[in-house]
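J.: Sharing a structure below in structure tokens format, with a few things to ask.
The values are calculated or read from the model by the stated rules, or taken from the named source; none is laboratory data. Quick caveat: nothing in here was measured; it's all calculated off a predicted structure. Positions of Cβ are generated from backbone atoms using ideal geometry, with glycine treated the same way; all protein chains shown enter the neighbour counts.
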Amino acid sequence: MFMKKGLLASAALGLGLVLSACGDDSGAEFQWDFVTEEAPGDVQYEYAVEFAERLEEKSEGRIDITVFEYGGLGDGVDQAEQLMRGSTQLGIVSPGFTGTMVPEAELFALHFLFPDDIALTQEILNTSEALNVYLREKYEEHGMSPLAYFTEGAMQWTSNSPLQAPEDFEGFQIRVQNSPLINTSYQQYGADPTAMDWGELYSGLDQGVVEGQENPIFFIESAGFHEVQDYMTISNHNNYVAMMVVNTEFYNELPSDIQAMLDETVEEMRQVGFDLQEELNEAALSEIESNTEVLTLSEEQRQAFRDLAMPVRDFYRENNGEDAARILDLLEEEIEAARN
Ligand code: 6CS
């Protein structure tokens, strides 16, 4: 790699605001921006490109979509705010960037909540009333409608010292997204979490500003984090969930035929997105294994983390908005039913 993606990402963050002002002269009846938090080759970006192509084709040119990679319209939090305001129409958003605005959405920060079986997790994300009705309502109070939730894969830790037991996290400086409940989850293990945008993370790890981070395997490899870390721990402590979102007013005001095409594309993309993350995560694991020590936690080792993580669910119920308890109770029931 000529320039590390983390460095490219920082540069893109500066340039993107200028480039995005150039506009679109396709002449299409509907001209939309679709913002993502990742780079070409990553799950979100490839999902958005495929989504845009399908919708443009279905509409026979009436719709023209410009897809932005990470940094094209600011950082993760900026992008979420633009979608809420309606200056961007479509996007992929990680709930971790909306935690300060929609506290109920922080449930995705709870470790060991979803099943380890990723296909089963995706099935729950597709069908959950807690997420697709009640959490969607919470987002819509802020002008953003999640039309689908999708997994980008199980999350793993990278570090320069082995992370295999909660004691290994004592005072450990872990980079997290800007989410209060992700912080709480790591404080439970004794760690010292620091919020940082991922564009700064490669150099942050390289220079020792932070000591480790969590992400799905494909992202660790594509951002090159393993190049500046000695270990990757297969912990599967959480599932990285992203949302396909639209600005609510924009969506509600679409002509019904155009809205139906958009909805149809969301449905088609469920399996496409799942296959994409599976393929990218599998390929990245062998790449990482070739130059990084990979530690896999036993079930007993995972249980020690799970025991500490469970009380965070009550913390969420009590501190994350008036509907947090109702949404989590229902989601837990749905997960339990899906497991049986
Ligand atoms: O760690 C992050 O912040 C980034 N991780 C992924 C998998 N996608 C985008 C996000 O910003």
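J.: Just the residues that are within 13 Å of D323 (Cβ to Cβ), among the aliphatic types (A, V, I, L, M) and surrounded by fewer than 17 Cβ atoms within 10 Å (Cβ to Cβ), please, taken from region 117-145.
T.: V133, the sole residue that qualifies.
J.: Does I258 meet the test of being under 24 Å from R175 (Cα atoms) and at pLDDT 95 or above?
T.: In short, no.
J.: Among the listed residues Y202, Y251, Y186, identify the single one that is at pLDDT 95 or above, in contact with a helix residue (DSSP H, G or I) (Cβ under 8 Å, 6 or more places away or on another chain), within 16 Å of the ligand (Cβ to nearest atom) and over 21 Å from P40 (Cα atoms).
T.: Matching residue, one of Y202, Y251, Y186: Y186.
J.: Also, I was wondering about something else. For region 205-240, which positions are of a type in the set (F, W, Y) and either away from the ligand (no atom under 12 Å from the Cβ) or closer than 17 Å to E279 by Cα (or both)? Before the answer, list the steps.
T.: To start, the set of residues in region 205-240 that are of a type in the set (F, W, Y) comprises 218-219, 225, 231, 240.
Hits for region 205-240 are F218, F219, Y231, Y240.
J.: Within region 206-265, which residues are surrounded by 18 or more Cβ atoms within 10 Å (Cβ to Cβ) and hydroxyl-bearing (S, T, Y)?
T.: Scanning region 206-265 gives S222, Y231, T233, S235, Y240, T248, Y251, T265.
J.: Restricting attention to region 204-228, and to residues there that are touching a Ser or Thr at 6+ places or on another chain (Cβ under 7 Å) and of a type outside the set (G, A, S), which single residue is nearest to A283 (Cα to Cα)?
T.: Among those residues, the one meeting the criterion is I220.
J.: Considering each residue of region 146-177, count those that are more than 16 Å from the ligand (Cβ to nearest atom), among the aromatic types (F, W, Y) and in contact with a strand residue (DSSP E or B) (Cβ under 8 Å, 6 or more places away or on another chain), and give that number.
T.: Qualifying residue count for the region: 1.
J.: Continuing with the same structure: How many of the residues in region 77-90 are over 20 Å from N215 (Cα atoms), of a type outside the set (S, T, N, Q) and either out of contact with any strand residue (DSSP E or B) (no Cβ under 9 Å at 6 or more places or on another chain) or crowded, with 24+ Cβ neighbours inside 10 Å (or both)?
T.: First, the residues of region 77-90 that are over 20 Å from N215 (Cα atoms): 78, 81-90.
Filter once more, keeping what is of a type outside the set (S, T, N, Q): 78, 81, 83-86, 90.
Among the residues that remain, those that are also either out of contact with any strand residue (DSSP E or B) (no Cβ under 9 Å at 6 or more places or on another chain) or crowded, with 24+ Cβ neighbours inside 10 Å (or both) are: 78, 83, 90.
Matching residues across region 77-90 total 3.
J.: Are there any helices (runs of 4 or more DSSP H) wholly within region 1-109 with 3 or more residues that are modelled with pLDDT of 95 or more and within 12 Å of the ligand (Cβ to nearest atom), and if so which?
T.: Helices (runs of 4 or more DSSP H) meeting the threshold: 43-58.
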